[in-house]
Amino acid sequence: MGLLDGKVAIVTGAGGGLGRCHALALAKEGAKVVVNDLGGARDGTGSGTAMADRVVQEIREAGGEAAPNFASVSSMNGAQSVVQTAIDTFGRIDIVVNNAGILRDKSLLKMEESMWDVVMAVHLKGTFAVTQAAARVMKEQATGGRIINTSSIAGLVGNFGQANYGAAKAGIAGFTRVAAIELMKSEIMVNAIVPIAKTRMTEDVAFVPDDMLPEHISPIIVFLASDLSKGVTGRLFSVMGPKIQEYKYLVTDGAKAAGAMWTAQEIADRFNEITK
Ligand code: NAI
């Protein structure tokens with residue numbers, strides 16, 4: 001008996017790195033998995049079928065069920081095709097892991113419009129597009145569902161050279177909270193992870209140690225995909241190696257203006273009180 005027997009999962013960007021690991025972990029627990037991957041390079045250029053096909057093969061060799069999809073999640077048609085693969089092959093959708101991603105790093109003053117647009121398209125629009133297409137099916141099925149998005153410390157804390165990527169990843173955190181509220185009545189739980197692991201995306205990032213593995217990240221994907229996480233929604237979980245934490249917003253107690261309105265001078269005078 002697996003935790004996900006009878007469930008159907010979609011994992012985007014599952015041809016390598018974290019996505020491959022999530023797909024294998026979900027399949028090991030009995031889920032039938034659509035392995036989506038565009039099959040391009042780290043910067044999103046190029047495409048191919050080999051990456052997704054290889055992971056499908058790995059899942060089948062381990063005794064699981066999987067089907068490939070090679071579409072880009074960054075268009076509504078591409079996202080629809082990922083969902084259609086799940087319906088055509090396995091007849092339903094229970095779990096979506098929005099994981100596909102690319103990098104086009106450049107400092108803010110040198111960032112080109114195309115670098116901004118393509119990173120927004122893959123991460124932020126891709127997450128929206130796949131979620132919308134899948135949640136429409138989940139609502140029809142009326143058996144609930146699980147959506148797990150992928151945010152990043154680059155967006156929640158900040159990182160030099162990643163204005164496009166950080167903005168997209170912070171957008172995914174906000175999207176997660178709104179989607180959780182809107183989809184709650186259909187019992188579709190929406191959460192996000194904030195991972196750090198050595199993959200091709202972080203192979204040249206010195207602060208990510210070699211022993212922070214994709215395998216460390218996938219258990220929380222299985223948890224959030226399964227009935228073990230019933231009632232958990234709209235939340236962000238950081239996973240770094242063996243450590244899991246929750247991101248929470250901090251709002252200070254603040255202060256009220258002495259009169260009916262603040263003046264700029266009063267804000268300056270009482271800044272420490274406001275921000276304490
Ligand atoms: P990766 O580069 O190994 O995996 C990303 C996958 O997405 C690749 O297989 C790629 O072909 C696929 N992909 C790219 N564009 C696509 C598109 N338009 N449609 C479908 N598939 C597409 O990188 P990694 O590290 O596994 O990243 C997975 C996710 O985790 C990404 O969203 C990334 O931003 C996020 N992340 C990773 C961190 C890390 O430390 N590795 C840190 C924070 C976030």
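The values are calculated or read from the model by the stated rules, or taken from the named source; none is laboratory data. Everything quoted here is computed from the prediction, not taken from an experiment. Cβ: placed from backbone, ideal geometry, glycine included. Neighbour counts: every protein chain shown. The accessibility values were calculated without ligands, DNA or RNA, using every heavy atom of the protein model including side chains. Shrake-Rupley method; radii C 1.70, N 1.55, O 1.52, S 1.80 Å.
Data for the structure
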{"read-out": "Principal axis dimensions, largest first and in whole angstrom, of the range 128-216 by Cα", "value": "46, 27, 17"}
{"read-out": "Extension gain from Q141 to D43, taking 0.36 nm per residue of separation minus the Cα-Cα distance", "value": "31.6 nm"}
{"read-out": "The chain - share of DSSP beta bridges that are antiparallel (%, nearest 5)", "value": "15"}
{"read-out": "Mean Cβ count within 10 Å, highest first, over the residues of peptides 264-271, 209-216", "value": "209-216, 264-271"}
{"read-out": "Mean accessible surface per residue for the chain, computed with a 1.4 Å probe while every protein chain stays in place, in Å²", "value": "49"}
{"read-out": "Alpha carbon convex hull of the chain, projected area averaged over orientations, nm²", "value": "17.3"}
{"read-out": "Shape call, the range 1-76: gyration tensor on alpha carbons, a/c limit 1.5", "value": "prolate"}
{"read-out": "Separation of the D210 and V232 label points, Cα + 7 Å toward Cβ, nm", "value": "3.2"}
{"read-out": "Sequence-separation-based contact order of the chain, relative, with Cα cut under 8 Å and 6+ spacing, percent", "value": "16"}
{"read-out": "FRET efficiency for L3 and Q132, using Cβ-Cβ distance with R0 set to 30 Å, rounded to 0.05", "value": "0.70"}
{"read-out": "Under-5 Å amide H pairs with G161, H placed in peptide plane, nonlocal only", "value": "L108"}
{"read-out": "Cα point-scatterer Debye curve for the range 1-132, base-10 log of I(q)/I(0) at q = 0.10, 0.15 Å⁻¹", "value": "-0.31, -0.64"}
{"read-out": "Carbon + sulfur, % of accessible area of the range 8-248 - ligands and nucleic acids excluded, 1.4 Å", "value": "55"}
{"read-out": "Cα-Cα over 28 Å, subset of K7/K248; K32/K106; K185/K256; K7/K185", "value": "K7/K248; K32/K106; K185/K256"}
{"read-out": "For the range 231-243, 3J(HN,Hα) per residue [Karplus equation, 6.51 cos²θ - 1.76 cosθ + 1.60, θ = phi - 60°, Hz, x = Gly/Pro]", "value": "x, 8, 8, x, 10, 10, 10, 7, 10, 10, x, x, 9"}
{"read-out": "Cα gyration tensor shape of the range 214-276, rounded if a/c is under 1.5, else prolate or oblate by comparing a/b with b/c", "value": "prolate"}
{"read-out": "Equivalent ellipsoid semi-axes - Cα gyration tensor, the range 98-176, angstrom", "value": "28, 12, 7"}
{"read-out": "Percent RCO, i.e. relative contact order, over the range 116-258, from Cα pairs under 8 Å lying at least 6 residues apart", "value": "22"}
